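Take a look at the structure set out below.
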Amino acid sequence: MEKEKRLIIIDGLSLLYRAFHALPPLNNSNGQLTNAVYGFLLILFKAIKDVEANYVVACFDTKKPTFRHEQFEEYKAHRAPMPDGIASQIPMVKEVLRVLSIPMFEKEGFEADDLVATIAVKNQDKVKVFILSGDLDNLQLVNDNIKLYTMGKGIKESMVYDSARVVERFGVRPDQMNEFKALTGDTSDNIPGVPGIGKTTAADLIGRFKSIKNLYDELATDTAVLKPKIKEALKANKEKALLSLKLVNTDKNVELDFNLDDCAFGRFDQAKVQQVFTALNFTTLMDRLNALIF
């Protein structure tokens with residue numbers, strides 16, 4: 001019986017950030033900082049084992065502005081610059097992915113989230129998809145065939161978000177997460193949302209009105225039964241809410257030369273991987289990798 005196809009889509013920078021902040025400084029024999037790469041691989045290997053993945057692909061952001069910056073100049077404006085310790089490890093993690101024969105995608109004008117969404121949605125009928133990320137931005141994609149694998153505290157604990165877990169955590173369905181975030185905003189990406197609308201209120205509003213469009217349609221006819229302060233905040237910030245909805249929605253139709261067969265995991269040259277791992281002083285990781293393949 002043929003093994004079920006299971007694809008991990010790595011949200012590259014998000015995972016690297018998570019690993020960097022979770023582990024103490026770690027250097028190889030040349031003095032290069034390697035903690036983020038080491039943590040990245042620990043998480044990846046654990047995820048492959050946990051979900052029994054046999055296909056893996058990675059997506060990365062570029063340094064160029066995206067279409068969201070055209071929609072909102074202040075998008076991500078308050079985000080701190082990338083720490084030097086992370087920037088110096090990006091080439092290393094890409095080299096590791098190359099020797100592991102894991103395809104990588106990045107595209108100017110788009111975020112990694114858009115590439116992740118495109119690959120996940122367009123291939124969900126062929127393969128079970130697990131998005132491996134250090135954040136929860138892609139919860140909007142979760143359904144019967146797409147799940148989100150992320151970490152709890154540190155990098156040793158992990159959790160998989162299916163639809164039930166999203167509802168349990170946020171009070172809305174995955175397909176309503178964009179509406180939810182458009183109301184609450186997102187300080188990390190400088191998405192404005194509606195000032196004064198917290199998570200509990202946002203979940204209640206989406207539960208009652210189903211969408212922001214319905215909510216504002218009822219506000220326009222003055223039939224929405226809401227507390228005066230909430231009604232006032234929504235009316236005063238309609239443009240922010242609608243802009244936020246555009247910003248949080250991922251593009252699921254990015255043009256990519258993606259082939260699932262290219263992502264089959266395990267087609268690497270073990271000697272080359274051993275050479276790279278040795279240079280990084282990741283000797284124990286070779287045993288973990290071999291345990292996944294052989």
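Worth a mention:
- Label positions at residue 87 and residue 255, each projected 7 Å from the Cα along the C-beta direction, are separated by 3.2 nm.
- About its Cα centre, the dipole of the chain is roughly 620 debye, where the only charges are +1 on Lys and Arg Cβ and -1 on Asp and Glu Cβ.
- Spin-label pair residue 242/residue 190, simplified geometry with 7 Å Cα→Cβ offset, distance in nm: 2.3 nm
- Most tightly packed first, judged by the mean number of other beta-carbon atoms within 10 Å of their residues, the peptides 172-185, 79-92 read 172-185, 79-92.
- Cα-based shape type of the stretch 158-218, given that a ≥ b ≥ c are square roots of the gyration tensor eigenvalues and the cut on a/c is 1.5: oblate
- Taking Cα centre as origin and charging only the Cβ of basic (Lys, Arg, +1) and acidic (Asp, Glu, -1) residues, the dipole magnitude of the stretch 174-248 rounds to 140 debye.
- Helix 35-51 axis versus longest C-alpha principal axis of the chain: approximately 80°, rounded to the nearest ten.
- Rounded if a/c under 1.5, otherwise prolate or oblate - the stretch 174-248, Cα gyration tensor axes: prolate
- Cα-based shape type of the stretch 202-294, given that a ≥ b ≥ c are square roots of the gyration tensor eigenvalues and the cut on a/c is 1.5: prolate
- Full-extension gain in nm, residue 164 to residue 145, via 0.36 nm per residue minus C-alpha separation: 5.5 nm
- P(r) tail fraction, the chain - alpha-carbon pairs more than 29 Å apart, %: 39 percent
- Potential lengthening of the chain between residue 235 and residue 125 amounts to 35.5 nm, from the contour at 0.36 nm per residue minus the alpha-carbon distance.
- Using alpha-carbon coordinates, inclination of helix 112-123 to the longest axis of the chain, degrees: 90 degrees
- Rounded to whole Hz, the Karplus (6.51, -1.76, 1.60) HN-Hα couplings of the stretch 266-280, x for glycine and proline: x, 8, 10, 8, 4, 5, 5, 5, 4, 5, 5, 4, 5, 5, 8
- DSSP assigns beta bridges within the chain; of those with both partners inside it, close to 30 percent run antiparallel.
- Förster radius 25 Å - calculated FRET efficiency between residue 272 and residue 28 (Cβ-Cβ, nearest 0.05): 0.90
- The antiparallel fraction among DSSP beta bridges confined to the stretch 1-146 stands at about 5%.
- Sites residue 50 and residue 213, calculated FRET efficiency, Cβ-Cβ separation with R0 30 Å, nearest 0.05: 0.20
- Positive-end ranking of 260, 131, 118 along the dipole of the chain, with charges on Cβ about the Cα centre, is headed by 131.
Here, each number is a calculation from the coordinates, and none is a lab measurement. Remember, predicted model here, so these are calculated numbers, not experimental data. Virtual Cβ from ideal backbone geometry, glycine too; neighbours counted across all protein chains shown.
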